[in-house]
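The values are calculated or read from the model by the stated rules, or taken from the named source; none is laboratory data. Quick caveat, the model's predicted, so the values are computed rather than measured. Methodologically, a virtual Cβ is constructed for each residue, glycine included, from the backbone with ideal geometry; neighbour enumeration extends over all protein chains shown.
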Amino acid sequence: MRLTHLTLSNVRSVVQATLTPGPRFNVISGDNGAGKTSILESLYLLSNGKSFRGRVGDGLVRVNAPALEIFARWDTASGAQRQLGLRHSGSDWEGRLDGQNCQLLSDLCTALASVTYEPGSHALIDGRSDQRRRMMDWGLFHVEPAFISPWRRLARAHKQRNALLKQRGLSMAQLEAWEAELAQSGEVVTRLRADHIDALAPLVALWGQRLLPELGEAILRFLPGWKRQELSLADALLVNRPRDLATGFTTAGPHRADWELAFAHRAQGERLSRGQTKLAALAVILAQAEHYAIQRGEWPVVLLDDLASELDPQHRESVLRALATAEAQVFISGTVAQDLSFPDGLDVKKFHVENGAVREI
Ligand SMILES: Nc1ncnc2c1ncn2[C@@H]1O[C@H](COP(=O)(O)OP(=O)(O)O)[C@@H](O)[C@H]1O
Ligand SMILES: [Mg+2]
């Protein structure tokens, strides 16, 4: 996917800005507070329905403006030209995809695929499991058509079981029925997740080798959310039922699924530095982008917000060199001070943002 046009209005401090991105690297520079992240957030919003810094209602719409508006056009690998427009007030939204009104934000957001690395991405490695689960499921939503239906059934069954566990005088027959549904859909979801992590593992090792060779082989491992080696999900739910009835929620199961990343030259439990954690997160994000590219025949748009922060010049260069070999369209933001040195012969388009206005340089 290659964006050929982007217009944003009333996104944070940006009143209106238009960009005509180049097909490969697009560097967006500007001082702190100029509006660089707002531009990347706009693209993120089109492919996720919210920002990586929170929901639209949490400050993404410019103060005193009724709503933000974003319009993007892009070319696909198959030669199609697509376009997406979104108007969002924080509570209400209207969207048009390829000229048609869209009823579901999730439909709108699957059209434009992007992966994002931003200053908070270290949490993918050292934060809570929900973001790792979200990342894993993002990949499955985009590359595995058989994932959505069992995933929805699982989410519903999990919610219903939790609601029943909190009820006094609950119906055991109902609990058993939802447990059966949870077990059945949960096993399918878990098998797909395990396969997905298996497919990602060699790519994560490859990107680990490119970005963090000093840590040795990067080993990605799936954690299913219950003792899957010993118990089927149905048995795990049954075994945990007394405890779950006491606590009022489902303790073990696919809602706790996770993955972990280890490195051959790191003892278990040895902490990575902040910079290494960021690079490890970036390796996973780019591995997932490459997996998408292999499966779908085109790269998702790669968004790198503030790439240079906390990466030393040598690692910064490895990132750019590795990305230069990928066929992706990349957007990189950074302050002018953190100048990026690109390998020779690379197609780089540069933009400068000042007080929310964008100009090509
Ligand atoms: N809802 C809003 N309305 C107006 N200005 C905002 C809003 N939210 C954030 N800002 C301002 O927008 C500016 C641009 O932010 P940002 O895109 O994060 O800049 P950069 O990434 O270039 O440092 C900041 O100065 C911020 O204070
Ligand atoms: Mg920023």
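Do we have Ala72 as at pLDDT 95 or above, more than 10 Å from ligand 1 (Cβ to nearest atom) and closer than 28 Å to Gly22 by Cβ here? Yes; evaluated as a whole, the condition is true for this residue. Selection over the stretch 257-279 of residues that are within 15 Å of Ala205 (Cα to Cα) and in a loop (DSSP other than H, G, I, E, B) gives a count of 3. If you go through the stretch 296-313 and keep only what is more than 16 Å from ligand 1 (Cβ to nearest atom) and either at pLDDT 90 or above or among the charged types (D, E, K, R) (or both), you end up with Arg296, Gly297, Glu298, Trp299, Pro300, Val301, Val302, Asp312. Here the stretch 326-361 is the region considered, the condition is being touching a Gly at 6+ places or on another chain (Cβ under 7 Å) and part of a strand (DSSP E or B), and the residue that is surrounded by the fewest Cβ atoms within 10 Å (Cβ to Cβ) is Glu354. Among the residues of the stretch 89-148, those that are closer than 30 Å to Ser309 by Cα and basic (Lys, Arg) comprise Arg128, Arg132, Arg133, Arg134.
For the stretch 18-49, the set of residues classified as among the charged types (D, E, K, R) and either more than 8 Å from ligand 1 (Cβ to nearest atom) or assigned to a loop (DSSP other than H, G, I, E, B) (or both) consists of Arg24, Asp31, listed by residue number.
Taking the stretch 20-60, which residues are touching a Lys or Arg at 6+ places or on another chain (Cβ under 8 Å) and among the β-branched types (Val, Ile, Thr)? Passing the criteria: Val27, Ile28, Thr37, Val56. Checking each residue in the stretch 167-185 for being assigned to a helix (DSSP H, G or I) and either buried (at least 19 other Cβ atoms within 10 Å of the Cβ) or of a type in the set (S, T, N, Q) (or both) picks out Gln174, Leu175, Trp178, Glu179, Leu182, Ala183, Gln184, Ser185. Residues that are within 18 Å of Leu320 (Cα to Cα), touching a residue at least 60 places away in the same chain (Cβ under 8 Å) and either among the acidic types (Asp, Glu) or crowded, with 19+ Cβ neighbours inside 10 Å (or both) do occur in the stretch 212-228, at least one of them.
Quick check on the stretch 20-33. Is at least one of its residues closer than 25 Å to Arg134 by Cβ and within 16 Å of ligand 2 (Cβ to nearest atom)? No, the conditions are met nowhere in the stretch 20-33.
Kindly indicate whether Ile70 is within 25 Å of Arg359 (Cβ to Cβ), within 16 Å of ligand 2 (Cβ to nearest atom) and β-branched (Val, Ile, Thr). In short, no.
Which pairs turn up if I take residues in the stretch 319-339 that are under 19 Å from Thr76 (Cα atoms) and look for partners that are at pLDDT 90 or above and surrounded by fewer than 16 Cβ atoms within 10 Å (Cβ to Cβ) with beta carbon separation below 8 Å, at least 6 apart in sequence or on another chain? Final answer for the pair search is Gln329/Pro23.
Among the residues of the stretch 38-55, are any under 24 Å from His122 (Cα atoms), surrounded by fewer than 17 Cβ atoms within 10 Å (Cβ to Cβ) and away from ligand 2 (no atom under 12 Å from the Cβ)? Give the derivation first.
Initially, the stretch 38-55 is screened for residues under 24 Å from His122 (Cα atoms), giving 38-55.
Within this subset, residues satisfying the condition of being surrounded by fewer than 17 Cβ atoms within 10 Å (Cβ to Cβ) are 54-55.
Keeping just the survivors that are away from ligand 2 (no atom under 12 Å from the Cβ) gives 54-55.
Yes, the stretch 38-55 contains at least one residue that is under 24 Å from His122 (Cα atoms), surrounded by fewer than 17 Cβ atoms within 10 Å (Cβ to Cβ) and away from ligand 2 (no atom under 12 Å from the Cβ).
Only one of the numbered conditions (1) away from ligand 2 (no atom under 16 Å from the Cβ); (2) over 19 Å from Thr110 (Cα atoms); (3) crowded, with 24+ Cβ neighbours inside 10 Å is violated by Asp305, and that is (1). Looking only at residues in the stretch 73-88 that are small (Gly, Ala, Ser) and in a loop (DSSP other than H, G, I, E, B), the one that is nearest to ligand 2 (Cβ to nearest atom) is Ala77. Scanning the stretch 341-361 for residues that are of a type in the set (D, E, K, R) and within 16 Å of ligand 1 (Cβ to nearest atom) returns Lys350, Glu354, Arg359.
Any residue in the stretch 141-151 that is small (Gly, Ala, Ser) and loosely packed, with under 14 Cβ neighbours inside 10 Å? It would help to see each step written out before you state the result.
Step one: filter the stretch 141-151 for residues small (Gly, Ala, Ser), giving 146, 149.
Imposing the further condition that a residue be loosely packed, with under 14 Cβ neighbours inside 10 Å reduces the set to 146, 149.
Yes - at least one qualifying residue is present in the stretch 141-151.
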